[in-house]
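Computed from the coordinates by the stated procedures, all read-outs in this text should not be read as laboratory data. Only a predicted model underlies this, so the values are computations on that prediction, with no experimental measurement involved. Here the Cβ positions follow ideal geometry from the backbone for every residue, glycine too, while neighbour counts run over all protein chains shown.
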Amino acid sequence: MGRITLQGVQKSFGPVHIIKGADLEVPDGAFVVFVGPSGCGKTTLLRLIAGLEDVSGGKILIDGKNVVDVPPAKRGLSMVFQSYALYPHMSVRGNIAFGLKMAGLPKDEINRKVEAAAATLNLTPYLDRKPRELSGGQRQRVAIGRAIVREPKAFLFDEPLSNLDAALRVQMRLEVTRLQKELGTTAIYVTHDQVEAMTMADKIVVLNAGKIEQYGSPLELYERPTNLFVAGFIGSPKMNFITGEPAAQRGATTIGVRPEHFRVNADGQSSSNQAWPGKVIIAEHLGSDTFLYVDAGPLGTLTVRCAGEIGVKMGDTVLLSPDPNRVYRFDASGNAVHV
Amino acid sequence: MARKVTGRSVLISTLAAWLLGFLIFFPILWMVLTSFKTELEAFANPPSFLLFHWTTENYATVQERSDYLHHAFNSIVIAGGSTLVALLIAIPAAWSMAFSPTKRTKDILLWMLSTKMMPPVGVLVPIYLIYRDFGLLDTRIGLVFLLCLGNLPIVIWMLFTYFKEIPKDILEAARMDGATIGRELIYVLTPMAIPGLASTMLLNLILAWNEAFWTLNLTTLDAAPLTTFIASYSSPEGLFWAKLSAASTLAVAPILIIGWFSQKQLVRGLTFGAVK
């Protein structure tokens, strides 16, 4: 079991409020990702759950028990650090076994568990090597091995893949997700990479300036962002925000259109009066997609994403028609307006 | 463009380096050479470099006149003991300052160093009187205690800088793995700091081994280490260069040998953290 509940959790460093009252319910077995821009407090929140920092207020419940006064090791959680934080003077075996050794398990049981963990992570041939003799991906797997061998109530991941190169990152992303599903252990994962968040999470927590902006499944966040911040943060490229006349027509202060929700009329002929004319400043041809940056006069620069190759060049005039069902509306305070 | 290294410049810098090395080493070499001369040749002007009558009589005389082993044993106890006690105090002190610093940590470090700025002679009289009243004069324990306190600021300061280099993440990982503070120190921090610990230990050992002010002033015979043994040859019947050199050679030999064997650790420790 590993149900983690936050109730009004606050954290200040001196006069600076890092976490301004977080309420959250992480169900048992869920993969929850904390995502947000740097400095939003996501790592601090994770460290509060881990017990590496003390809360300034509120409660953290693990399986219904308040753990704010419980030291990190007694919380039954294990953590994977961004820097891997392996013990450099110990072999891979020593690294993975350390937690079990500290718990005072008998030797043969430790060996059995270490070898099982190593087998799961394909680390068996490396058990007697030192961390410095391993590649980045292997080190990361040792760090994960150290986390799983203790059979914790939950895993805490602090940007574990950000030191890996792009190809390895994608591979490790799959491995971590697969492992978590296999073990069925609750996981909380911190990242600033929204692709990681969208692909790995059962549920995403979007944090901004120490506040939880929205908590929901990846598609909920994509389809029904509650405010301008979430709308702008989730989705790549970023959502276009338009104020003024077109917004007013739709009864909103700001409207948002995702780059992939435009219909592009390349011959410049208007099919309806809802279309916005604009001049292509830059066209990026990726083959699978085409990204257009369109100067739409009073509306500003709009980003447009079209599937495939559509044969539009720099300097062309295009007409952009937003998908009427996919126009997000926000009021003056930035909150979503629902019909 | 990569820097060009010509054969000639390599030759010149190699020669310069050897010359510099020889200059630095020369006093020790001269001391050793002098120890094998007769008293007359030791005084000779111009001095002879290698072509003199080699003799070991100085070593024999020195051993005859005073008990080298007794003084060497005192030196080992005093230098070793003060180093050990200093490390036992300094490791937890440096640990707490490196990993849970307060607003005053920097001030404390500076204050500790400031105690080294005071000339020892300034406190000779009070310390002498205290030692006399407590019966610590000419005792090994008294010197262990004093040299330990004297070197403690440097030991803590050095360990603090080494500990600072250890990533905090690793200690936090140990905490997550269930290590108590004591076990964190024993299993994680200390092994990782071994190069730093080794060089700190060696430096402190050398400092304590060669410390001459307190050892000369607070001992007479029972607790007298090798420094007193050397000094006994510069008085009272005059200066005997050859015997003094023999005594000095005997006195520095152990520390020179330890230094030679631990030079790899020492260099690693002194450049610790410079290259990731």
Q. In Å and whole numbers, how far do the C-alpha atoms of the protein assembly as shown stretch along each principal axis, longest first?
A. 117, 66, 51
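Using +1 on the beta carbon of Lys and Arg, -1 on that of Asp and Glu, and nothing else charged, what's the dipole of the protein assembly as shown about the Cα centre, debye to 20? Don't skip to the answer; put the middle values down first.
Details: 57 positive and 50 negative charges, 72 e Å.
The calculated dipole for the protein assembly as shown is roughly 340 debye.
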Q | Convex hull volume of segment A:148-214 per residue (C-alpha atoms, cubic angstrom) | A | 105
Q. Could you give the length gained on full extension between A:SER333 and A:ASP202, defined as 0.36 nm per residue of separation minus the Cα-Cα distance, in nm?
A. 44.3 nm
Q | Rg over Rh, two decimals, segment A:197-339 (C-alpha only, Kirkwood Rh) | A | 0.99
(Q) From the helices alone, meaning DSSP H stretches of at least four residues, give me the mean residue ellipticity at 222 nm for chain A, per-run term -39500 (n - 2.57), in deg cm²/dmol to the nearest 500. (A) -7500 deg cm²/dmol
Q | MRE, 222 nm, helices only [DSSP H, n ≥ 4, -39500 (n - 2.57), over chain B, to nearest 500] | A | -22000 deg cm²/dmol
Q. With the Cα gyration tensor of chain B giving a ≥ b ≥ c as the square roots of its eigenvalues, does the rule (a/c under 1.5 for rounded; else a/b larger than b/c for prolate; else oblate) give rounded, prolate or oblate?
A. oblate
Q) Along the charge dipole of segment A:4-233, which of A:LEU179, A:SER135, A:GLN82 sits closest to the positive end, that is, farthest toward it, with unit charges on the beta carbon of Lys, Arg, Asp and Glu (+1, +1, -1, -1)? A) A:SER135
(Q) Modelling each spin label as a point 7 Å along the Cα-to-Cβ direction, I'd like the A:GLN249/A:ARG224 distance in nm, to one decimal. (A) 2.7
Q) Within segment B:129-153, whose backbone N sits under 20 Å from a point 7 Å along Cα→Cβ of B:THR220? A) B:129-144
Q) Which values of log₁₀ I(q)/I(0), to two decimal places, follow from the Debye formula for chain A at q = 0.06, 0.08, 0.09, 0.10 Å⁻¹ with a uniform point scatterer at every Cα? A) -0.29, -0.49, -0.60, -0.71
Q: Any of A:LYS65/A:LYS101; A:LYS11/A:LYS42; A:LYS65/A:LYS181; A:LYS59/B:LYS103; A:LYS59/A:LYS211; A:LYS42/A:LYS65 with alpha carbons more than 21 Å apart? Name them for me.
A: A:LYS65/A:LYS101; A:LYS65/A:LYS181; A:LYS59/B:LYS103; A:LYS42/A:LYS65
Q.
Assuming 0.36 nm per residue, please report the length gained on full extension of the stretch A:ALA166 to A:LYS74 beyond their Cα-Cα distance.
A. 29.6 nm
**Q.** Estimated distance in nm for a label pair at B:LYS264 and A:SER217, the labels positioned 7 Å out from Cα along Cα-to-Cβ
**A.** 6.0
Q | Most mobile of A:ASN208, A:ASN122, A:ASN95 in a GNM of chain A (Cα contacts under 10 Å) | A | A:ASN122
Q. Which of the lysines could a cross-linker bridge to B:LYS4, judged by Cα under 16 Å and excluding same-chain residues fewer than eight apart?
A. none
Q. From the backbone phi of segment A:250-261, what are the Karplus-calculated ³J(HN,Hα) couplings (6.51 cos²θ - 1.76 cosθ + 1.60, θ = phi - 60°) in whole Hz, Gly and Pro given as x?
A. 9, x, 9, 7, 10, 10, x, 10, 6, x, 7, 9
Q: Name all residues of segment B:63-91 having a backbone nitrogen under 19 Å from the label point set 7 Å from the Cα of B:ILE257 along its Cα→Cβ direction, giving them as ranges.
A: B:63-64, B:67-81
Q) Based on the Cβ-Cβ distance from A:ALA119 to B:SER100, what FRET efficiency comes out when R0 is 41 Å, to the nearest 0.05? A) 0.60
Q. Which FRET efficiency value, to the nearest 0.05, is calculated for A:SER135 and A:ARG178 with the Förster distance at 25 angstrom and r the Cβ-Cβ distance?
A. 0.80
Q. What residues of segment B:182-222 lie in the reach of a label at B:VAL32, counting those whose backbone N is under 16 Å from a point 7 Å from the Cα along Cα→Cβ?
A. none
Q.
Helix check for chain A. Which DSSP H runs span at least 27 Å along their own axis by Cα, with a mean Kyte-Doolittle hydropathy no less than -1.0?
A. none
Q: With a Förster radius of 30 Å, plug the Cβ-Cβ distance of B:LEU129 and B:SER234 into 1/(1 + (r/R0)^6) and report the FRET value to the nearest 0.05.
A: 0.65
Q) How many angstrom lie between the C-alpha centres of segment A:113-168 and segment B:138-175? A) 34
Q) Can you give me the relative contact order of chain A as a percent, contacts being Cα pairs under 8 Å and 6 or more apart? A) 17
